[in-house]
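Asker: Take this structure first; my questions come after.
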Amino acid sequence: MYHHIKKLMYTVRVGTPDPVYGKMLLEQFGGQNGELAAAMQYTVQGINTTNPSIKDLLMDIGTEELSHLEVVGTLAMMHLKPMKGGSRAAAEADPLLAITGGGGVNLVDSAGSAWTANYLKVTGEPDIDLRNNIAAEARAKVTYDRLMRLTDDQGTIDALQFLMTREITHMRAFMQGLESLGKAPLDVGFYAPTPGLVDQFFNDSTGEGEDGAKDETTRAPWIKGFEIVDNPGFNPEKMKLDEVAGSAKQDISTSSRKHIEPVEHAAE
Ligand code: MN
Ligand code: MN
């Protein structure tokens, strides 16, 4: 259940309202990496989760994000104050905010696009959801960074500093939540990948001299441990495709079905 406490998680102070900046702040209200998206993503994931400790992690942070929505919405509303009152100048500056919204905040991003549940990533797999959330927190953090650089108002910067800091806290909590599941980094989903093929890196951008820029892949730091296959499009025989056929079939009967529990249907 939810209970609203009639104070903000961080007290918001604005010196001089800046309506154009208020509109930019909507990116964190109704935008793709904003607070509503975060709150809904974690809450819906939490409802789906049966692991008690991961459920707590998701519901606690999902709830905090709703408090962030309230803070950033209040901040945007304070900056948009000059848009209230129905003036022709305000309507010309932003018809959507002034005429449709009456100068208040709405669930749109900084360009006026409506918030959508399509922003959410909910997979029903706690480890995959947590990885999505780690990336979501990074996106939210950098969005706050950018907004902080676009204003001189100290009260606004302080509020954004608070919100930005909490995203790093969340990122850490999700990372530790993922770690607590004890899954190896590449242990994803039900089926084991095909041996051999899984260790091949397809070097699809080779070329030198007149054929293009010097190839970086062969000496890149991230290539360690991979078998490099140059130009697989021209050398298809080098791809270990033969090993694919039948490799998943063996796995069905053994360990990789470990996640699947039998479902019992009531007799009709
Ligand atoms: Mn947040
Ligand atoms: Mn967060």
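Asker: Pull up the cross-link candidates among the lysines for residue 224, meaning alpha carbon to alpha carbon under 29 Å and not fewer than 8 places away within one chain.
Answerer: Filter leaves 183, 214, 238, 240.
Asker: So, R0 is 41 Å and r is the distance between the beta-carbons of residue 205 and residue 8; what FRET efficiency does that work out to, to 0.05?
Answerer: The value I calculate is 0.25.
Asker: Between residue 241 and residue 152, what is the spin-label point distance in nm, taking each point 7 Å from the Cα along the Cα→C-beta axis?
Answerer: Distance between the two pseudo-spin positions: 6.3 nm.
Asker: With springs connecting C-alpha atoms under 10 Å apart, model the chain as a Gaussian network and identify which of 92, 237, 179 has the largest mean-square fluctuation.
Answerer: The residue that fluctuates most here is 237.
Asker: Calculated FRET efficiency, residue 230 and residue 32, Cβ-Cβ r, R0 35 Å, to nearest 0.05?
Answerer: The calculated FRET efficiency here is 0.40.
Asker: Also: Please give the residues of the range 70-85, grouped as numeric ranges, whose backbone N is less than 19 Å from a label point set 7 Å along the Cα-to-Cβ vector of residue 20.
Answerer: Backbone N within reach: 76-84.
Asker: Kindly provide the chymotrypsin sites (Phe, Trp or Tyr not before Pro) of the range 1-65 that DSSP labels as loop, not H, G, I, E or B, and whose Cβ sees at most 13 other Cβ atoms within 10 Å.
Answerer: In loop regions of the range 1-65 (DSSP not H, G, I, E or B), the sparsely surrounded chymotrypsin sites (Phe, Trp or Tyr not before Pro) are 2.
Asker: Give the cross-link partners of residue 121 among the aspartates and glutamates, using a straight C-alpha distance below 15 Å as the criterion and excluding same-chain residues fewer than 8 apart.
Answerer: 35, 129, 137
Asker: May I pose another question? About the Cα centre of the range 32-112, how large is the charge dipole given +1 on each Lys and Arg Cβ and -1 on each Asp and Glu Cβ? Please answer in debye to the nearest 20.
Answerer: 300
Asker: Related question: What chymotrypsin sites (Phe, Trp or Tyr not before Pro) in the range 93-173 are in a loop by DSSP, with at most 10 other Cβ atoms within 10 Å of the Cβ?
Answerer: Answer in residue order: no site qualifies.
Asker: Ok, one more. For the range 35-170, calculate the relative contact order in percent as a whole number, restricting contacts to Cα pairs under 8 Å that are 6 or more residues apart.
Answerer: Relative contact order of the range 35-170: 22 percent.
Asker: Report the full-extension gain for the segment residue 96 to residue 55: residue separation times 0.36 nm, less the Cα-Cα distance, to one decimal in nm.
Answerer: Using 0.36 nm per residue and subtracting the Cα-Cα distance, I get 10.9 nm.
Asker: Rounded to the nearest 0.05, what FRET efficiency do residue 63 and residue 248 give with R0 = 30 Å and r taken as the Cβ-Cβ distance? Could you check?
Answerer: Computed FRET efficiency for residue 63 and residue 248 comes out at 0.15.
Asker: Further, regarding this structure: Mind checking which lysines have their C-alpha under 16 Å from residue 81, skipping anything on the same chain fewer than 8 residues away?
Answerer: Filter leaves 23.
Read-outs throughout are calculated quantities, based only on the coordinates presented, and are distinct from any laboratory measurement. Since this is a predicted model, take the numbers as computed values, not measurements. Backbone-built Cβ (ideal geometry, glycine too); neighbour counts: all protein chains shown.
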